[in-house]
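Structure first, commentary second.
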Amino acid sequence: MSLLNLPEPILDCILKLLSPMELVSMSEVCTCLRDRCRSDPLWEVHIKKKWGGVIGDVAYKEWHWHITTTKEKGINQLHQQHNIQNGSLGPFSGTWPMLYLRSYLEDCSHLNTSLANSFMMALYFSLENGKFWFPAQIYRVNEISYICFFSQGLLVRDALVRYDSKTDKFQARQQNGGWQVMGNNIQWDILRAPPVDTPPWNLHVSDCLQDLKPEDHIEIQRKRRRESTPYDWWYAVIGHMESCNENQNFCRCRYSETLIVEFKQYSHGSSMRRVKLPRNGEQFEEPTRCYGGIRKLHSDEEIQRWEKLLPPHQTPVYIA
């Protein structure tokens, strides 16, 4: 009995059990199996299984751009053009371009005509072979210098990353006056997919400002006071006004035009622990730094991930 004589639901179940390399081998049997084994639903499962924690909507949108460009211009034309100033597709060597790229495809030669029609399969192998530098964010707990003192930062930073299959780790570059190397041995557990489609040099438009209240967990854009510096996303908690006694029954902080943002990675008494921001969402500047948009955290998983990175003396204590 031929495999193709099986009912379609049974055949689909069999194909779902195959590994990526087994699907590739099966696709070479005949035209019918080739089309089935390259279908997006099958490869979407493998992408989510391996890459789901580090790529998201922004990366998918960027990949769609690369695939569309390959189809419209053709691989030969792209290689002949070799003009990275007009895009982020094509072979590359030397210093990274001084561009605000959202992604970068080093080599499109593996995107032959048939593979270009297999959106998810092509994405999987472009990730696996390290050809696709995709947008991601990296958790960082750093010593950041401000004027004449050091303070511990707890933030995520936007970067372009690519996978290194030899080490099962990532390489990363960040945009800061040029594409600087951020690291060559980035672990899986400090990467995440960007939760919002806001480039790091743009002010995020917040949609949660009027609903924010004390004890809400947030991420807020923050950067050094310099026009060319991209924003990072810092973890913080909405605090109470100084005039509030923090009694839940009488607290009116949520109706104030001022937001108290607390960076709990700093100790009590630190000048950097609390900052007052207008609730209108406009960029707010201080002598050494400025603040942008706010994103409210709704997921317990996201909040717990941040709290695990807090310094030991600031880790929350839960009482049953």
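Pairs are defined by a Cβ separation below 8 Å, a sequence spacing of at least 6 or placement on different chains, a first member in region 294-317 that is loosely packed, with under 13 Cβ neighbours inside 10 Å, and a second member that is of a type in the set (S, T, N, Q) and at pLDDT 80 or above; the pairs so defined are His313/Ser267.
Is it the case that Asp207 is touching a helix residue (DSSP H, G or I) at 6+ places or on another chain (Cβ under 9 Å), outside the structural domain of Ser256 (by the TED database) and open to solvent by 60 Å² or more (accessible area, probe 1.4 Å)? No. Every test in (1) under 19 Å from Tyr163 (Cβ atoms); (2) at pLDDT 90 or above is passed by His66 save one, and that test is (2).
Residues are listed down the side, and each one gets a yes or a no for (1) of a type in the set (Gly, Ala, Ser); (2) modelled with pLDDT of 90 or more; (3) touching a Phe, Trp or Tyr at 6+ places or on another chain (Cβ under 6 Å):
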position	(1), (2), (3)
Gln77	no, no, no
Phe125	no, yes, no
Asn129	no, yes, no
Gln137	no, yes, no
Val141	no, no, no
Leu155	no, yes, yes
Asp164	no, yes, no
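Would you be able to say whether some residue in region 95-107 is open to solvent by 90 Å² or more (accessible area, probe 1.4 Å), at pLDDT 70 or above and either under 22 Å from Arg173 (Cβ atoms) or in a helix (DSSP H, G or I) (or both)? Checking region 95-107: not a single residue is open to solvent by 90 Å² or more (accessible area, probe 1.4 Å), at pLDDT 70 or above and either under 22 Å from Arg173 (Cβ atoms) or in a helix (DSSP H, G or I) (or both). Residues in region 1-44 that are outside any loop (DSSP other than H, G, I, E, B) and polar (S, T, N, Q) were compared, and the one that is surrounded by the most Cβ atoms within 10 Å (Cβ to Cβ) is Ser27. Within region 236-273, the set of residues being open to solvent by 80 Å² or more (accessible area, probe 1.4 Å) and either assigned to a strand (DSSP E or B) or modelled with pLDDT of 90 or more (or both) comprises Glu257 only. Among the residues examined, Lys276 does not qualify as basic (Lys, Arg), open to solvent by 20 Å² or more (accessible area, probe 1.4 Å), touching a strand residue (DSSP E or B) at 6+ places or on another chain (Cβ under 8 Å) and part of a loop (DSSP other than H, G, I, E, B).
Based on this model, can you work out whether Thr229 counts as of a type in the set (S, T, N, Q), in a loop (DSSP other than H, G, I, E, B) and either buried (at least 19 other Cβ atoms within 10 Å of the Cβ) or outside the structural domain of Glu282 (by the TED database) (or both)? If you could, list the steps in order and put the result at the bottom.
Values: of a type in the set (S, T, N, Q): yes; in a loop (DSSP other than H, G, I, E, B): yes; either buried (at least 19 other Cβ atoms within 10 Å of the Cβ) or outside the structural domain of Glu282 (by the TED database) (or both): no.
Criteria not met by Thr229.
The values are calculated or read from the model by the stated rules, or taken from the named source; none is laboratory data. Because the structure is predicted, anything quoted here is derived from the model rather than measured. Here Cβ is always computed from backbone atoms with ideal geometry, including for glycine, and neighbour counts include all displayed protein chains. Remember, those area values only see protein heavy atoms, side chains included, never the ligands or the DNA or RNA. Shrake-Rupley method; radii C 1.70, N 1.55, O 1.52, S 1.80 Å.
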